[in-house]
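Trainee: Could you have a look at this structure, given as structure tokens, before my questions?
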Amino acid sequence: MSAKKYVYIDYENMGNIKKLLPIEGQYFFFIGNTQNSIPKSLVMATNGIKVEWISIEGSGKNALDFHIAYYLGKKVSEPDAMHYILSKDKGYDPLVLSINKVAKNEIVKRIISLEDLKSHDIKEKVENADPNYTTLVNKINSMAKSKRPKSEKKLESFIKTQVFSKMEDSAIKKLIDELYRNKIISKGQNNRISY
């Protein structure tokens, strides 16, 4: 069973976000007092995702950081939860270390990009998967994006010839279904696969 995920976004620090690479979870966007606009593309990207927009009242040094620490403190005791702080501000690192030390586990992580969030989510899913699935995902991740199969048929052929030569077609189909379920691959225009 995968952990609940909470993502605390220091939008004041990461204001260049235009879209999300969503993982399942709850997103908290912390908006500074002086921020007057949010890109339409970001608002549209949050459609259908659990999002809370938190506007900071007043201003002051680290005002937004304290709000994130407060929300994190409210949620951090939930069992089976993973917390991500999306910020380039290294000032969060002592708090992250302290919480993880008390929890005796990594339950909070500061990340600096949404790609880091997606990579960490994929890594967690791979670690909890069956060995064949793990092997397949590691093989895909080791390939340059331009060399990855672009259609389901080519992906099936790739699995059969390059990864598991003796695997039954039904087992290959199950692996591909798992890739879709875990959002490692998705279908785009003309049924092309994207990673």
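The values are calculated or read from the model by the stated rules, or taken from the named source; none is laboratory data. Every value quoted in this text rests on a predicted model; they were computed, and no experiment measured them. Glycine also receives a Cβ, built like all others from the backbone with ideal geometry; neighbour counts cover every protein chain displayed. Accessible surface areas use protein heavy atoms only, side chains included; no ligands, DNA or RNA. Shrake-Rupley method; radii C 1.70, N 1.55, O 1.52, S 1.80 Å.
Here's the yes/no breakdown for (1) part of a loop (DSSP other than H, G, I, E, B); (2) surrounded by 17 or more Cβ atoms within 10 Å (Cβ to Cβ); (3) over 24 Å from the mean Cα position of the chain (by Cα):
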site	(1), (2), (3)
V137	no, yes, no
F158	no, yes, yes
A171	no, no, yes
K174	no, no, no
Y180	no, no, no
N190	no, no, yes
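Trainee: Would you mind telling me which numbered condition in (1) farther than 25 Å from S186 by Cβ; (2) open to solvent by 60 Å² or more (accessible area, probe 1.4 Å); (3) of a type outside the set (S, T, Y) V43 fails?
Mentor: Result: V43 passes all but (1).
Trainee: Continuing with the same structure: What are the residue pairs meeting all of these: first residue in the stretch 169-184, first residue closer than 16 Å to S151 by Cα, second residue among the acidic types (D, E), Cβ atoms under 6 Å, and 6 or more apart or on different chains?
Mentor: I172/E156
Trainee: Still on this structure: Of everything in the stretch 47-88, what is in contact (Cβ under 8 Å) with a residue 60 or more places away in the chain and either loosely packed, with under 14 Cβ neighbours inside 10 Å or in a loop (DSSP other than H, G, I, E, B) (or both)? Give them in sequence order. First the steps, then the outcome.
Mentor: Residues of the stretch 47-88 that are in contact (Cβ under 8 Å) with a residue 60 or more places away in the chain, as a first pass: 68, 71-72, 75, 78, 80-88.
Selection gives E78, D80, S87, K88.
Trainee: Can I ask one more? Residue by residue through the stretch 139-156, note down the ones that are in a helix (DSSP H, G or I) and within 21 Å of E115 (Cβ to Cβ).
Mentor: Narrowing the stretch 139-156 to residues in a helix (DSSP H, G or I): 139-142, 145-147, 152-156.
Answer for the stretch 139-156, where residues must be in a helix (DSSP H, G or I) and within 21 Å of E115 (Cβ to Cβ): K139, I140, N141, S142, K145, S146, K147.
Trainee: Quickly run through the stretch 89-111 and pick out the residues that are in a helix (DSSP H, G or I), open to solvent by 100 Å² or more (accessible area, probe 1.4 Å) and either closer than 23 Å to E12 by Cβ or not hydrophobic (A, V, I, L, M, F, W, C) (or both). Spell out the reasoning first.
Mentor: Initial filter on the stretch 89-111 (in a helix (DSSP H, G or I)): 90-103.
Checking the rest, the ones that are also open to solvent by 100 Å² or more (accessible area, probe 1.4 Å) come to 90, 97, 101-102.
Across the stretch 89-111, the qualifying residues are K90, L97, K101.
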